[in-house]
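A quick write-up on the structure given underneath.
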C-alpha cells in the first residue's frame, strides 16, 4: 500500500507541477493580447479561447495534485477534533459514497465526450477564430483517471491510519493558514528572546 501511495503522490504532484506552467503561458498570452489591442490596435481573434483552454487545463489537471497535497478546501471544524482512527473511518466511507462515483463518472463519460469531440474534430462555436478544442477535451477523462489513481491512494492512507492510528506522511503538504501564523508568531517570539 505504501509503495502505491508513493507512486500516486509522485504522479499527482508531477502532473500538478507540470500543468502549473499553464499559468505562465496564460499570463504570456494575456500580456500579448493587451499589447496587441492597446498598443497596436490589433486585438487577436484567438486569445480569448486560448485563455479559456489554459484555465481549463489548470482546473482539470490540478485536482489530483490538490488531493495529494490536501489543498482542497475542507469544512473540518468537527472532523479535526476526532481521533486519527475515526478520521480514517470517516474518510474511507466518504470516499466510496461520494468521491469514487463522481470521478468514475467523470472518467467514463468524459472519455465518451472527448471521443466524440475527436471524431468530429470539434471547434469552438463561440469563437470567430473557430479554434480546435477536441484536444483540450481529452483532459476531462485524463483528470478523472488521475483522480481515481489518487483516490485509491487516499483510501490506502485511510486504511493505514485505521490500522496504525497515524496518518502516513505526504510528499508535499499544504499548510493551514492558522498553522503558518502560529509558526511565524513562535519564530518571532524566539527571535525576540534571542535579542534579549
Between 0 and 90°, nearest 10: helix 139-164 axis offset from the chain longest Cα axis: 0 degrees
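Can you tell me the relative contact order of the range 2-195? Whole percent, Cα pairs under 8 Å, sequence separation 6 or more.
On the way: 208 pairs, mean separation 56.6, N = 194.
That works out to 29 percent.
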On a 0 to 90 degree scale, rounded to 10, what angle separates helix 21-34 from the longest Cα axis of the chain? 40 degrees
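Please work out the FRET efficiency for the pair residue 37 and residue 125, using the Cβ-Cβ distance as r and a Förster radius of 22 Å; give the result to the nearest 0.05.
Details: r = 23 Å, r/R0 = 1.06.
Efficiency for this residue pair is about 0.40.
For 195, 155, which order do you get if you count the other beta carbons within 10 Å of each Cβ and list the fewest first? Don't jump to the answer; show the numbers that get you there.
On the way: 195 6, 155 20.
So the ranking, lowest neighbour count to highest, is 195, 155.
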Tell me, what is the FRET efficiency for residue 159 and residue 66 to the nearest 0.05, using R0 = 22 angstrom and their Cβ-Cβ distance as r? 0.55
Can you compute the label reach from residue 135? Point 7 Å from Cα along the Cβ direction, backbone N cut-off under 13 Å, restricted to the range 10-52. 50
What's the exposure ranking of 103, 77, going from fewest to most Cβ atoms within 10 Å? 77, 103
Could you pull out which residues in the range 34-69 have an amide N less than 17 Å from a spot 7 Å beyond the Cα of residue 25, following the Cα-Cβ vector? 46-63
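What ranking of 69, 86 emerges when the number of other C-beta atoms within 10 Å of each C-beta is taken as an exposure proxy, fewest first? Provide the component values of the computation, followed by the final result.
Details: 69 18, 86 13.
Going from sparsest to densest Cβ surroundings: 86, 69.
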Could you point to the label whose value was computed as Rg/Rh (Cα atoms, Kirkwood Rh) for the structure here, given (i) 0.97; (ii) 1.10; (iii) 1.15? (ii)
Calculated FRET efficiency for the pair residue 45/residue 181, C-beta based, R₀ 41 Å, to 0.05: 0.30
For helix 84-94, report the angle its Cα long axis makes with the longest principal axis of the Cα atoms of the chain; keep it between 0 and 90° and round to the nearest 10°. 30 degrees
Distance between the C-alpha centers of the range 71-116 and the range 43-61? Whole Å please. 28 Å
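Any read-out appearing in this document is the output of simple, stated calculations on the displayed coordinates, not a laboratory observation. It should be emphasised that the depicted structure is a prediction, and the values quoted were computed from it without experimental measurement. Counting neighbours? That spans all protein chains shown, and the Cβs are built from the backbone with ideal geometry, glycine included.
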